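Down below is the structure, laid out as structure tokens.
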Amino acid sequence: MKKIIGFVSILFVMALFVVSYANAADYIGAKKCKACHMKQFKSWNETKMATSYENLKAGVKVAEKKKAGLEDKDYTTDPKCLKCHTTGYGKGGFVSMEKTPDLAGVQCEGCHGPGGNFSQIMKKNKEFPLAEVKAAGLIIPSEDEKGCMACHAADSPFVEKVDAKYKFDFKERLKKTHEHFPLKNKH
Ligand code: HEC
Ligand code: HEC
Ligand code: HEC
Ligand code: HEC
């Protein structure tokens, strides 16, 4: 009997795992968001976030790396750096430049959450209620500083104590993420 109960509970745990895995939204990449949000895309594409992966290459920003205690070497496969210089690393997003080139750099979904589910709702109904897309994973970045601090905090080599220019002022930085455009519909 004990054996059967043990087996059944293992099955149950496996089923839970499968269900929760199926519910976790996929990372779709900035190119997909661009199809419907061209203005935000163009503006974001001019920020340093869009090319952030380049900074992990050898020979790039050598002086800045040295000042932050890093060497001049290839960091493009170092999990420690990929966590902050790509989109969704370790969370079902970026894996490697070979497998997931469209998720390099700090993209839309780094701030707005993985879009596989909420973009489907946006696609079906332009007047979607905000609560519905939030329940499907959309993050409104100004509502929680913690989202930014996952990358802009003390475990980054580039913080205020290395150079004052790396100081993270939430209100000021929110303005520089991309230009903002009025929405057409009420949500
Ligand atoms: C996944 C990690 C990650 C998250 C989350 C994140 N950032 Fe960043 N951010 C970066 C990295 C890395 C850079 C540096 C880009 C570079 O120079 O390589 C950066 C740079 C920036 C810049 C400078 C852009 C420029 O062109 O000068 C702004 C502004 C910014 N982030 C704001 C924010 C805000 C606001 C949030 C939260 C809503 C946030 N970031 C969340 C990783 C992140
Ligand atoms: C915890 C997140 C985090 C980790 C880990 C991280 N970075 Fe960054 N990195 C950032 C952020 C945030 C910035 C932007 C800082 C700013 O502009 O305020 C940045 C900026 C940079 C820059 C640009 C500095 C400049 O002055 O233009 C380089 C180069 C860089 N990182 C390389 C690396 C390398 C190499 C690694 C791995 C050894 C690494 N980073 C690990 C978050 C991180
Ligand atoms: C560094 C964080 C960050 C990144 C990266 C980012 N956004 Fe945003 N986004 C914001 C903030 C902040 C707002 C303002 C809403 C709020 O948080 O109150 C916003 C608002 C928006 C809005 C509402 C309309 C507007 O213009 O304000 C859209 C649409 C949007 N973002 C799409 C995108 C797309 C598409 C990308 C990628 C190409 C992207 N965002 C990348 C932070 C970010
Ligand atoms: C098929 C089209 C489509 C795609 C793909 C899409 N969106 Fe949207 N999104 C919309 C529409 C339509 C709106 C509402 C626009 C309006 O009211 O003006 C919207 C609104 C938003 C808003 C504002 C929400 C609010 O009410 O404050 C954000 C943020 C946003 N999208 C982010 C993204 C991100 C990030 C991606 C990619 C992961 C994405 N969208 C992909 C169509 C799309």
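The values are calculated or read from the model by the stated rules, or taken from the named source; none is laboratory data. Owing to the predicted nature of the structure, the values given are computational and were not obtained by experimental measurement. Cβ atoms come from the backbone with ideal geometry, glycine included; neighbour counts cover every protein chain shown.
Residues of region 124-143 being farther than 23 Å from GLY88 by Cβ, outside any loop (DSSP other than H, G, I, E, B) and within 9 Å of ligand 4 (Cβ to nearest atom), which ones?
LYS124
How many residues are surrounded by fewer than 16 Cβ atoms within 10 Å (Cβ to Cβ), within 12 Å of ligand 2 (Cβ to nearest atom) and under 17 Å from the mean Cα position of the chain (by Cα) if we restrict to region 126-159?
Result for region 126-159: 4.
What pairs come up if the first residue lies in region 94-121 and is within 17 Å of GLU143 (Cβ to Cβ), the second is among the polar types (S, T, N, Q) and within 15 Å of ligand 1 (Cβ to nearest atom), and their beta carbons are under 6 Å apart, counting only those six or more places apart or on different chains?
GLU109/THR87; GLY110/THR87
Rundown of residues vs (1) modelled with pLDDT of 95 or more; (2) closer than 23 Å to ASN45 by Cβ; (3) of a type outside the set (A, V, I, L, M), yes/no style:
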position	(1), (2), (3)
LYS134	yes, no, yes
SER142	yes, yes, yes
MET149	yes, no, no
ALA164	yes, no, no
LEU174	yes, yes, no
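Specify which of the listed residues (VAL106, VAL95, VAL60) is more than 16 Å from ligand 2 (Cβ to nearest atom), outside any helix (DSSP H, G or I) and of a type in the set (A, V, I, L, M, F, W, C). Spell out the reasoning first.
Details: VAL106 fails: more than 16 Å from ligand 2 (Cβ to nearest atom); VAL60 fails: more than 16 Å from ligand 2 (Cβ to nearest atom).
The match here is VAL95.
Kindly list the number of the only condition in (1) away from ligand 2 (no atom under 16 Å from the Cβ); (2) in contact (Cβ under 8 Å) with a residue 12 or more places away in the chain; (3) of a type outside the set (Phe, Trp, Tyr) that fails for LEU174.
(1)
Given the criteria within 16 Å of ligand 4 (Cβ to nearest atom), crowded, with 17+ Cβ neighbours inside 10 Å and within 20 Å of CYS33 (Cβ to Cβ), does GLY115 qualify?
Working: within 16 Å of ligand 4 (Cβ to nearest atom): yes; crowded, with 17+ Cβ neighbours inside 10 Å: yes; within 20 Å of CYS33 (Cβ to Cβ): yes.
Yes.
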